[in-house]
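To start, the structure itself, in structure tokens.
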Amino acid sequence: MRFVPRLQAPRITIIFTRLRHYFRNMNCSELLPPASVRGMRELQRSEFQKRVQVPRLRVPESQVQLVIPLVKKFLLKMEHLHPVRAVDKSREILLHPMPIQGWESLPTEDLQKQQVTQEHFCFAELELNYENWSVNEILKSVLPEEEEGMTSYSRIGHIVHLNLRDHLLPFKQIIGEVLRDKLPNCRTVVNKASTIDNTYRNFQLELICGEPDYQVETKENGIPFEFDFSKVYWNPRLSTEHERIVKLLQPGDVLYDVFAGVGPFSVPAAKKRCHVLANDLNPVSFHWLQHNAKRNKCLSNIKMFNKDGRQFILEELRDDLLQRLLSTDTSKYAIHISMNLPAMAVEFLDAYRGLYTDKELADLNNAAVFPTVHVYSFAKGENTRALVRELVEQNLASTLDEKLLQGISFVRNVAPNKDMYRVSFKLTRNLLTTPKEAEASNTRKRVAGDKNVQTEVAEAKVKCV
Ligand SMILES: C[S@@+](CC[C@H](N)C(=O)[O-])C[C@H]1O[C@@H](n2cnc3c(N)ncnc32)[C@H](O)[C@@H]1O
């Protein structure tokens, strides 16, 4: 290593309180990979080698513990690089070249009190290579400068899941290899091959790097789940939403999970000692749902079904709820229904209309409390919140007045102008005993007889949006 004293370097004025942001390696071109890697499509790790002049202090071993606190904020921080290293019988402290342009940039008075003088300071060459840079630094240096870079990826166990924009597709190979090299425990990198439009909502995947092994083990909110990511739906971006619903539940409450997937609502609820009826149409999801319930030792609190959602509502949910309404005090516990199939769950809402006859509910006590439905939906357009409400009202053939509506919650933005919402509302005796067609014709008659009804409905809608 060559020592090159550079004592006359210009001094730069730095506002010390802003240093933490100021020293990002990304802002320092000297510390970025060589410019020649721009546009690389096949990963050549050796091309990342680079020599840079780095300021450093060489201090006796006995002094190092006293000196480090004085220069801590100037230490050079890069991957796999220890900024304090043994050289002969002394210690060399590597400093960041952006704030430290010369001896004068250092807290010289304090250093001198520790017998560290200008003679202990120098610039010397440091060799950097592929292993010293982060994923971000490498990809920013490789991918086209003028276009948007790789913004995000999801991790599901050992799998990294990308959704690459078209302009990045020619670079998918190198992106995959860098991620596999750099992310701990990453063995497989896949790219979303098309939009999710199949019945079971699982992503169509393209393997871009690593092993074609899609059976994953992951944790969500502290709970272990296993599944085959290539055959079932799983989205780590929904973990907060799953947690929100599970937090609403108390031991003894009931959850009917119409589109349960592999169990991110149902398994934690059953673990919490709620009574759960979980359903999914995908036989592979159903298999992993059962596996996850068993693995989490909550089989005694959950019944699982492999049916179409409508059939599940009309059979399992109907029977279980009726028995509860007739023979238990439903004011003593809460009943929730989750319907997370945002592309079409609203179309199943009419199944609640006329689920029971008046006669079936004739003996119901007045204090009976009906379930709260949490239905998820996408909405595309300008005012997505109002749109989503309209969608639910149309499919339910009912306005969501203050008594019914529990809330409309934004879940996430899915694409430009496309949002996902949860609409939570209470079922009522009237909804459960009046079929959709009967309600629609009642409404037509009422509207024809009294034009004011329309104004009231419109006002109610505006109030709740
Ligand atoms: C968006 S995923 C939600 C899964 C899970 N609840 C979650 O939050 O991750 C929707 C699920 O509905 C299932 N599904 C699709 N159509 C269905 C239907 N007609 N009846 C029942 N389940 C269905 C899919 O297999 C998928 O597992």
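Every read-out reported here was derived from the displayed coordinates using simple, explicitly stated rules and does not represent laboratory data. Since the model is a prediction, treat every value here as computed from it, not as a measurement. Note that we place each Cβ from the backbone using ideal geometry, even for glycine, and neighbour counts take in every protein chain shown.
Of note:
- Checked against a 28 Å cut-off, the cross-linked pairs Lys140/Lys380; Lys247/Lys403; Lys172/Lys307 give Cα-Cα distances beyond that limit for Lys140/Lys380; Lys172/Lys307.
- Projecting the Cα atoms of Tyr130, Phe229, Phe348 onto the charge dipole of the chain, computed from C-beta unit charges around the Cα centre, puts Tyr130 farthest toward the positive end.
- Charge dipole magnitude, Cβ of K and R +1, D and E -1 - the chain, Cα centre, debye nearest 20: 920
- Net length gained if the chain between Ser62 and Gln311 were fully extended (0.36 nm per residue, minus Cα distance): 82.0 nm
- Anisotropy class of region 178-314 from Cα gyration tensor, a/c 1.5 cut: prolate
- One decimal place: the segment Leu183-Lys113 gains 20.9 nm when fully extended, by the rule 0.36 nm per residue minus the C-alpha distance.
- Modelled spin labels at Glu131 and Asn383, positioned 7 Å past Cα toward Cβ, are 6.0 nm from each other.
- FRET efficiency, 1/(1 + (r/R0)^6) with R0 35 Å, evaluated for Met344 and His291 via beta carbons: 0.85
- Each Lys and Arg contributes +1 and each Asp and Glu -1, all at the Cβ; summed about the Cα centre of region 41-156, the dipole is approximately 460 debye.
- Label-to-label distance, nm, for residues given as Ala415 and Asp213 (7 Å Cα→Cβ offset): 3.4
- Region 253-329: C-alpha gyration tensor shape, a/c 1.5 cut-off, then a/b vs b/c: oblate
- Among Ala269, Val54, Leu427 - extreme Cα towards positive end, dipole of the chain, charges at beta-carbon: Val54
- Net charge of Cβ neighbours under 14 Å - reference Ser90; Lys, Arg +1; Asp, Glu -1: +1
- In this simple spin-label approximation, Leu299 and Ser239 carry label points 7 Å from Cα along the Cα→Cβ vector, and these lie 2.8 nm apart.
- Region 147-213 shape via C-alpha gyration tensor axes, a/c threshold 1.5: oblate
- The Val87 and Gln44 beta-carbon pair, evaluated with R₀ = 25 Å, returns a calculated FRET efficiency of approximately 0.20.
- Charge-dipole axis of the chain as Lys and Arg at +1 and Asp and Glu at -1 on Cβ define it, positive-most pick from Leu94, Asn306, Ser36: Leu94
- Overall, region 233-464 carries a charge dipole of about 640 debye about its Cα centre when +1 sits on the Cβ of Lys and Arg and -1 on the Cβ of Asp and Glu, all other atoms neutral.
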